[in-house]
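J.: Take a look at the following structure, please.
Coordinate-derived values only; no laboratory data. In this text the structure is predicted, and so the values were computed from the model without any measurement. Please note: Cβ atoms are built from the backbone with ideal geometry, for glycine as well, and neighbour counts cover all protein chains shown.
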Amino acid sequence: MHFTFFTTLAFLAVVRITQPLRWRVIRVCRGMLRVSIIGLTALTTSTALFSLSGNAAAQGIVTWGEPFNVSSSETLSIHPAIVADAYGNIHVFWCEYIGEQDAALGAATDRPNTIFYRRWDGQFWTQPLDILAVRDDQLADFIAATIDNENQLHLVWTGLTDIFYSTAPAADASAVRAWSTPQVITTNSARTAYESDVVVDTQGTVHIVYAVGGSNPGVLHTRLLSDSAFWTPPVRIAGGLRDNEVAFKEVRLVIDALDRLHTTWSTTNNNAFGRAVYYAGSNAFGKVWSPPALLADATTDTGFTGYPYLLAYGRDDLLLIHVDQENKGRIERTSTDAGKTWSEPRFVLLNMEGVNGFCIPLLDHSGGLHLVINLRPRANQLTGIYYAPREGLDWSPVVPVGVDEFCCSSAHYADAVIRMGNEIHAVWSQIGSREVWHVRGTINGLAPLPAPTASSEPVPLGTAAQTPNILTTVTIEPSFTPEDAVHMPPEDAAIASNQTAPWVSIVVAIIPVVLLVSGVVIWQVRKR
């Protein structure tokens, strides 16, 4: 349209030099110019509206697929973790029991002892595979996972008395031998829920924050430098418990854009209720930690606080969501100075309740905030997975994602991640059926981020003989044969096929304007 506008102006200048048919042509061109101006205005307006609608969609209009049973086993599957890599792969881990049935109970034990894994590449799921277990350790539980800039996966989890760490290339995570021998981080775990977490900074240093129990309980931090084979001596972030605090639990760790670490945790009281929520932050690369800050305190034995979850975004912004003392919704607190000061507590999700696990704030690549909610409405008690986008200074009304009795009626322990900047992926434990489920949502109008070039992705080992039912051919971008893979649910396939690139909408906006200009020109020429 810009081309039509400026071409018309140039043509008028030529006509002034050429006398024959001067006034007749000028009248035609003046008409073209008027129509071009109208068309240019229309195009600008339609482009602006397209842009605004895209931003609105990024803020919360999400199309959800059908929940999918990830674990699909006959024994206990629980406490999943999920990460996404830059190439569009989703990596899901969970804790599973493998062994004989308990003769006394007449059923499989409720104590998981093995870590299972599946990967989704945008089309296919790999088969469930047990990737990690520690010989002679009867427990493998409460996984935390992350992925670094080199496409390397890092896991921590709780054993019977130890906390373990292992790592593997993301491109080859389905190969058992790709995982490093589990390393013991501490032999004095707190024996609580979610007592460790892991992140990796831009220098490749692995950071683990974990809770310990025993005679000297606390929250500690250790690092594995990229050029070292040894973990640094642990630094105590918090130590000592107040009256009616008996243990540390629910340790979460995030890293911001400046490589500063931020950690939260809670404590439990004598009644096994969450007593308090704490925060501590570090300088770059976790070298110096701030004193712990008490952010929430359940002052009575019947009160409950806990399940703190942090999101770091922008340069200095932090968002914290945790359980309200009276279990009516959640408490939100924010910091705009990297954790030095915090806003007053604000009650959110007032119509929801439940202590089912973490409510997880996420950030898409346009800056839109999203909240994955593992609660139930106070009115109808439909436990499940819910969702709300951020609109201005508050969360919009909550919408259900999965509340079906088969997959979600006893949903607990959710985890969630953003894939390719424009998709929300959530996993959770369905306690009733002892399975782990997954659901995918696409943020409408928000295009995905471009994936890195295929040549930069590590090539899988391709050890199909050692790990049957997974990778059978080796390519730069991992692919799976149909007989060894599980298709995405049909609803998810429909969502993927309906994604529209922004340029298509712009072309559609231009076509009517071009036709209008052409029609007016032809009409005026014939009229003369």
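J.: Students often forget the sequence filter, so: which aspartates and glutamates lie under 12 Å Cα-Cα from K340 once same-chain residues fewer than 8 apart are removed?
T.: Once the sequence-local aspartates and glutamates are set aside, what remains near K340 is D316, D317.
J.: For L449 paired with K328, estimate the spin-label separation in nm (one decimal), with each label point 7 Å from Cα along the Cα-to-Cβ line.
T.: Those two pseudo-labels are separated by 4.0 nm.
J.: Label-point separation (nm) for R135 and N69, each offset 7 Å from Cα along Cα-to-Cβ?
T.: So the two model labels end up 3.5 nm from each other.
J.: Around F93, under 12 Å between beta carbons, what's the net of Lys plus Arg minus Asp minus Glu among the other residues? Working shown, then result.
T.: Details: positive: R118, R119; negative: E96, D130, D141, D415.
Here the charged neighbours net out to -2.
J.: Find the Cα radius of gyration of the stretch 188-348, compare it with 2.2 N^0.38 Å by division, and give the number to two decimals. Let's see the in-between values first.
T.: Working: Rg = 15.3 Å, N = 161, 2.2 N^0.38 = 15.2 Å.
The value comes to 1.01.
J.: Compute the FRET efficiency between N351 and A293 as 1/(1 + (r/R0)^6), taking r as their Cβ-Cβ distance and R0 = 30 Å, and round to the nearest 0.05. Provide the component values of the computation, followed by the final result.
T.: Working: r = 29 Å, r/R0 = 0.98.
With a Förster radius of 30 Å, E is 0.55.
J.: Shifting gears a bit: Quick one: Cα centre-to-centre distance for the stretch 252-296 and the stretch 368-431, in angstrom?
T.: With the stretch 252-296 and the stretch 368-431 each reduced to a Cα centre, they are spaced 24 Å.
J.: Report the local net charge at R378: Lys and Arg +1, Asp and Glu -1, summed over other residues whose C-beta lies under 15 Å from its C-beta.
T.: Numbers: positive: K328, R330, R376; negative: D324, E326, E353.
The answer is 0.
J.: Using the 10 angstrom Cβ neighbour count as an exposure proxy, how do D301, D172 rank, fewest first?
T.: Ascending Cβ contact count within 10 Å gives the list D301, D172.
J.: Something else: Using the basic label-point model (7 angstrom from Cα toward the beta carbon), what is the R236 to E391 distance in nanometres?
T.: Label-label distance for R236 and E391, simple model: 5.0 nm.
J.: Around R434, with a cut-off of 12 angstrom between Cβ atoms, what is the net charge of the other residues, counting Lys and Arg +1 and Asp and Glu -1?
T.: Values: positive: none; negative: E74, E96, D110, E435.
Around R434, the charge tally is -4.
J.: For the stretch 168-192, list residues with backbone N below 17 Å from a point placed 7 Å from the Cα of E245 toward its Cβ?
T.: The answer is 190-192, whose backbone nitrogens lie closer than 17 Å to the label point.
J.: Taking the number of other C-beta atoms within 10 Å as the exposure measure, put F347, F304, F116 in order starting with the fewest. Could you put the intermediate results ahead of the total?
T.: On the way: F347 12, F304 22, F116 25.
With the sparsest Cβ surroundings first, the list reads F347, F304, F116.
J.: Further question on the same structure: Using Cα positions and a limit of under 16 Å, work out the aspartates and glutamates in reach of K287, with same-chain residues fewer than 8 apart set aside.
T.: In chain and number order, the partners are D201, D256, D259.
J.: To the nearest Å, what is the center-to-center distance of the stretch 310-349 and the stretch 74-91, using C-alpha atoms only?
T.: Each part's Cα centre sits 26 Å from the other's.
J.: Arrange the peptides 306-317, 209-220 so that the one whose residues have, on average, the most other Cβ atoms within 10 Å appears first. Show your work: numbers first, answer last.
T.: Details: 306-317: 19.2, 209-220: 20.7.
The most tightly packed comes first, giving 209-220, 306-317.
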